[in-house]
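Participant: Can you keep this structure in mind? I'll have questions shortly.
The values are calculated or read from the model by the stated rules, or taken from the named source; none is laboratory data. Quick caveat, the model's predicted, so the values are computed rather than measured. With ideal geometry, Cβ positions are generated from the backbone for all residues, glycine too; neighbour counts draw on all protein chains shown.
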Amino acid sequence: MVPDENAPTKSAPGGACVFCDIVQGKAAASRVYADDLVVAFMDMQPVNRGHLLVVPIAHAAHLAELDARIAAEAPLIPVAELGRVERTILRSALYEVLYSAATPSGDTMRDAVSLARIYAGDAARRLVNGVLGSVSRSGGGAHSSD
Ligand SMILES: [Zn+2]
């Protein structure tokens with residue numbers, strides 16, 4: 001079997017991921033939950049009271065590439081200036097489209113566009129639809145949309 005370089009791994013190469021360090025108990029964190037898939041812990045810089053993070057146990061590679069791809073597809077709006085909701089939706093959907101074979105791209109796009117419309121409005125819906133549609137048309141997905 002050929003290893004899939006895009007598949008999530010147990011930890012980042014060279015131990016460069018703070019979340020992997022927390023998952024493995026190498027970095028301090030106030031854990032509130034853990035199971036076979038995720039670890040939940042209190043955020044060190046909480047946005048509000050009770051702010052906690054739920055992270056997957058498996059390290060996800062390529063996260064740094066997502067913002068560059070979003071910027072390439074939507075160059076008029078700097079990624080840092082996107083609303084938090086649409087930025088989060090774009091990052092998670094783009095990750096699925098580009099690197100996950102578990103969910104068909106069409107399903108990911110429909111869900112992302114729907115979430116953007118519901119939680120961030122019609123402008124966000126058009127942005128998410130445009131970015132994901134462009135990536136999909138360019139063959140950027142790991143799998144087809146069937
Ligand atoms: Zn990691």
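Participant: Would you mind telling me which numbered condition in (1) touching a Lys or Arg at 6+ places or on another chain (Cβ under 6 Å); (2) surrounded by fewer than 21 Cβ atoms within 10 Å (Cβ to Cβ) V113 fails?
Facilitator: (2)
Participant: Only one of (1) more than 23 Å from V47 (Cβ to Cβ); (2) modelled with pLDDT of 90 or more; (3) of a type in the set (A, V, I, L, M, F, W, C); (4) surrounded by 15 or more Cβ atoms within 10 Å (Cβ to Cβ) is not met by A93, so which one is it?
Facilitator: Looking at each condition in turn, A93 falls short on (1).
Participant: Then there is this: Go through V79, V128, V85 for me and flag whichever is in contact with a helix residue (DSSP H, G or I) (Cβ under 6 Å, 6 or more places away or on another chain), under 16 Å from L63 (Cβ atoms) and surrounded by 15 or more Cβ atoms within 10 Å (Cβ to Cβ).
Facilitator: Residue meeting the stated conditions: V79.
Participant: To continue, here is another question. Does G14 count as at pLDDT below 90 and either within 16 Å of the ligand (Cβ to nearest atom) or under 29 Å from S114 (Cα atoms) (or both)?
Facilitator: Yes.
Participant: Follow-up question, since we're still on this one. Condition first: under 25 Å from A58 (Cβ atoms) and assigned to a helix (DSSP H, G or I). Now tell me which residues in segment 103-125 satisfy that.
Facilitator: Correct list: S105, G106, D107, T108, M109, D111, A112, L115.
Participant: I'd like to verify a number: residues in segment 33-79 that are in contact with an Asp or Glu (Cβ under 8 Å, 6 or more places away or on another chain) and on the phi > 0 side of the Ramachandran plot, how many?
Facilitator: Total satisfying the criteria: 0.
Participant: Go through segment 27-58 and give me each residue that's within 18 Å of T88 (Cα to Cα) and either under 13 Å from the mean Cα position of the chain (by Cα) or among the β-branched types (V, I, T) (or both).
Facilitator: V47, V54, V55, P56
Participant: If you don't mind, another one. Provide a single number: the residues in segment 43-102 that are over 28 Å from A28 (Cβ atoms) and part of a loop (DSSP other than H, G, I, E, B).
Facilitator: Residues that pass the stated criteria total 10.
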